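Worksheet: one structure, shown below.
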Amino acid sequence: MSRAAKRERFWLNGRFVSESGARVSVLDRGVLYGDALYEVVRFYGRKIFLLDDHLDRLFDEAEAIALPKRFERKAITRAVCGLVARSEKPDGLVLLQWTRGEGPRRLAPPPGLRGTVFAIRFDLPTIPAALRRRGVNVITLPDERWLSTHIKSTNLLASVLARKKADEAGAYEAVLHRGRGPRARITEATSSSFFLVKRGRLVTPAVRGLLPGITRSVVLAVARKEGIPIEERTVRLGEIRNADEAFLTATSAEVLPIGRVNGAPLRHPAPGPVTKRLGRAFARFRGRVLAGTPRVAPA
Ligand code: PDD
């Protein structure tokens, strides 16, 4: 294998390819309609963290929206491992995207579609250590996404626009809500799950209709083990004002303290004691899981 081939960052429909080879048709339904799913997995020291959980979520969603199964789980696992093997860096992310495939342009899927599946390796986004320590700023915005956000669809226009507003406001994320005023219901952030802490209790929106975040479920599991009381329920926008602490969770960000919401600090300077404790418990859980995860040999 040549050096360049060894470092391929793309896998498309069964092949590792260079960027110039990573091309899909303009008639692909992922391009035309966002008729596609995605998933983001993370590797640490060439060990892929909770790959099975990510693939379970992807395949469950694919079944729910009847995507043609061009590749079995084994082939997709090999693709992710192959991209990790080709990585110069031991840590990073792999994006998986699975579309309904290429065919005549009409909304109702025509018969005979095969699906398109690709994967791309990315470097981890850098969150400056000081920001991670002090907590990130977030803004709150109406959730204008479609209602089935438990399906990780690539139809991300509403999320793109919300994140653009956050960027323009100098914020890291936008926490979204449905409804108006203080009784509006918090859903999640554009690419992370949302938690707050009130009087030692961990509060997070119930997951029905929202993406069942894998980091979220790890945080809930470790919180349970730590004996921290948990409330998974409807969370109102007005509750943020009185929250002691708040944080986001996502595959790339792990447990990320929130410092300010719409410019106002939380009651406890970030990171608060519960957030810190959960961050440490998450790291221990990750260490235990990775200790039992095989390392992908470099290509
Ligand atoms: N986003 N909520 C939304 C809307 C998300 O897009 C994500 C993940 C999460 C967190 O899920 P998890 O803990 O399984 O990563 C919650 C991915 C990472 C992304 O958009 O890049």
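The values are calculated or read from the model by the stated rules, or taken from the named source; none is laboratory data. Note that the structure is a prediction, hence the values are computed from the model and not measured. Counting neighbours? That spans all protein chains shown, and the Cβs are built from the backbone with ideal geometry, glycine included.
The criterion of being of a type in the set (Lys, Arg), at pLDDT 95 or above, in the same structural domain as Gly263 (by TED's automatic domain parsing) and buried (at least 16 other Cβ atoms within 10 Å of the Cβ) holds for Arg163. Within region 79-103, residues that are not assigned by TED's automatic domain parsing to the domain that holds Leu55 reach no partner that is within 15 Å of the ligand (Cβ to nearest atom) with beta carbons closer than 8 Å at six or more positions or on different chains.
Take Ala162 and tell me if it is under 18 Å from the mean Cα position of the chain (by Cα), within 13 Å of the ligand (Cβ to nearest atom) and not in a helix (DSSP H, G or I). In short, no. Filtering region 81-96 to residues that are surrounded by fewer than 20 Cβ atoms within 10 Å (Cβ to Cβ) and within 16 Å of the ligand (Cβ to nearest atom) leaves Asp91, Leu93, Leu95.
Restricting region 204-232 to residues that are over 21 Å from Arg286 (Cα atoms) and more than 16 Å from the ligand (Cβ to nearest atom), the residue that is nearest to the chain's Cα centre (by Cα) is Glu231. Taking the condition of being in a strand (DSSP E or B) and more than 12 Å from the ligand (Cβ to nearest atom), how many residues in region 187-203 meet it? The qualifying residues number 6. Quick one: count up the residues across region 137-159 that are within 11 Å of the ligand (Cβ to nearest atom) and of a type in the set (Ser, Thr, Tyr). So the answer is 4.
Has region 18-32 got any residue that is part of a loop (DSSP other than H, G, I, E, B) and within 25 Å of Gly209 (Cα to Cα)? For region 18-32, residues part of a loop (DSSP other than H, G, I, E, B) and within 25 Å of Gly209 (Cα to Cα): absent.
Tell me, which residue of region 104-140 that is among the basic types (Lys, Arg) and touching a residue at least 12 places away in the same chain (Cβ under 8 Å) is surrounded by the most Cβ atoms within 10 Å (Cβ to Cβ)? Walk me through it before giving the result.
To start, the set of residues in region 104-140 that are among the basic types (Lys, Arg) comprises 105-106, 114, 121, 132-134.
Among the residues that remain, those that are also touching a residue at least 12 places away in the same chain (Cβ under 8 Å) are: 105, 114, 121, 132-134.
Values: Arg105: 10, Arg114: 13, Arg121: 21, Arg132: 18, Arg133: 11, Arg134: 15.
Filtering first and then ranking leaves Arg121.
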